[in-house]
1. Hey, can you tell me all the residues within segment 82-105 that are assigned to a strand (DSSP E or B) and acidic (Asp, Glu)?
2. Kindly indicate whether Glu70 is open to solvent by 50 Å² or more (accessible area, probe 1.4 Å), within 14 Å of the chain's Cα centre (by Cα), closer than 24 Å to Gln182 by Cβ and not β-branched (Val, Ile, Thr).
3. Within segment 106-195, considering only strands (runs of 3 or more DSSP E) that don't extend past its boundaries, which have at least 2 residues that are under 17 Å from Ser43 (Cβ atoms) and of a type in the set (D, E, K, R)?
4. Only one of these conditions is not met by Glu83: (1) over 19 Å from Ser43 (Cβ atoms); (2) surrounded by fewer than 19 Cβ atoms within 10 Å (Cβ to Cβ); (3) touching a Leu at 6+ places or on another chain (Cβ under 7 Å). Which number is it?
5. Across segment 1-58, what is the total count of residues that are polar (S, T, N, Q) and at pLDDT 95 or above?
6. Conditions first: (1) over 12 Å from the mean Cα position of the chain (by Cα); (2) aliphatic (A, V, I, L, M); (3) open to solvent by less than 70 Å² (accessible area, probe 1.4 Å); (4) within 30 Å of Gln22 (Cβ to Cβ). Ala138 passes all but one, so which condition is the exception?
Amino acid sequence: MTQAEYLTSIGLDSLYAAQVLQDDADGFVTDTPFYLAPVAEMSGQPKLTDEVLYYDDQAYELLQSEGITERKIKLSALPPSIEAQLTGEEFDSVTGRLYDSANPLNAPYFALGYRTKKSNGHYRYVWYMKGKFQKPGAEHVTVGEKAEGKPLELMYSAQKTIYKFTKPSGDQDGLKRITGDQDTTGFDPANWFAA
């Protein structure tokens with residue numbers, strides 16, 4: 001291990017999404033990734049559960065499971081056409097109107113990609129393979145003595161794929177996330193957001 005592998009994250013950019021077109025036993029396919037929006041912050045963590053089994057009057061075994069990973073994303077804004085695409089609603093390009101039917105069942109699955117800058121100037125690249133976006137929340141405030149910007153808040157819930165990828169160990173399993181550090185030997189970030 002090198003010191004570069006332990007450096008702090010000091011930046012976030014290049015937020016991309018790609019609609020998942022197929023995720024079943026036969027394959028995993030997405031549409032071409034597209035730039036989502038300028039991003040300010042991202043936070044969240046996987047939902048983990050622990051169950052302790054007790055035998056012989058002591059903790060004997062710890063069973064753990066991982067559910068979805070929620071990511072709260074703060075953006076500058078989303079064009080109505082992209083919001084409609086993410087949430088499964090309808091956008092009329094002739095009138096420029098977004099029609100919100102309040103039906104979250106229409107929301108398609110998307111992969112979510114981005115990169116974070118480390119304190120040595122190199123990047124960590126990330127793709128969440130499959131998840132759904134919730135409709136964005138917004139906060140608005142009138143202009144007072146100074147303008148106050150209010151970022152758009154978008155929630156993304158990532159889950160494991162149905163398709164089982166073959167990992168370097170030869171094991172096959174669904175994937176939730178793939179990451180790579182630019183300064184790790186063997187990792188090539190070329191075309192990370194292109195496919």
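1. Filtering segment 82-105 for residues assigned to a strand (DSSP E or B) gives 90-92, 97-99.
Passing the criteria: Glu90, Asp92.
2. Criteria not met by Glu70.
3. Numbers: elements: 110-118, 123-133, 152-158, 177-181.
By residue number, 110-118.
4. (2)
5. Filtering segment 1-58 down to residues polar (S, T, N, Q) leaves 2-3, 8-9, 14, 19, 22, 30, 32, 43, 45, 49, 58.
If we keep only those that are at pLDDT 95 or above too, we end up with 14, 19, 22, 30, 32.
Number satisfying all stated conditions: 5.
6. (4)
Residue-wise test of (1) among the basic types (Lys, Arg); (2) crowded, with 19+ Cβ neighbours inside 10 Å; (3) in contact (Cβ under 8 Å) with a residue 24 or more places away in the chain.
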{"site": "Gly88", "(1), (2), (3)": "no, no, no"}
{"site": "Phe91", "(1), (2), (3)": "no, no, no"}
{"site": "Gly96", "(1), (2), (3)": "no, no, no"}
{"site": "Pro104", "(1), (2), (3)": "no, no, yes"}
{"site": "Ala107", "(1), (2), (3)": "no, no, yes"}
{"site": "Arg115", "(1), (2), (3)": "yes, yes, yes"}
{"site": "Ser119", "(1), (2), (3)": "no, no, yes"}
{"site": "Tyr128", "(1), (2), (3)": "no, yes, yes"}
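The values are calculated or read from the model by the stated rules, or taken from the named source; none is laboratory data. This structure is a prediction, so every number in the text was calculated from the model and none was measured. Here Cβ is always computed from backbone atoms with ideal geometry, including for glycine, and neighbour counts include all displayed protein chains. Just so you know, the surface numbers come from the protein's heavy atoms only, side chains and all, with ligands and any DNA or RNA stripped out. Shrake-Rupley method; radii C 1.70, N 1.55, O 1.52, S 1.80 Å.
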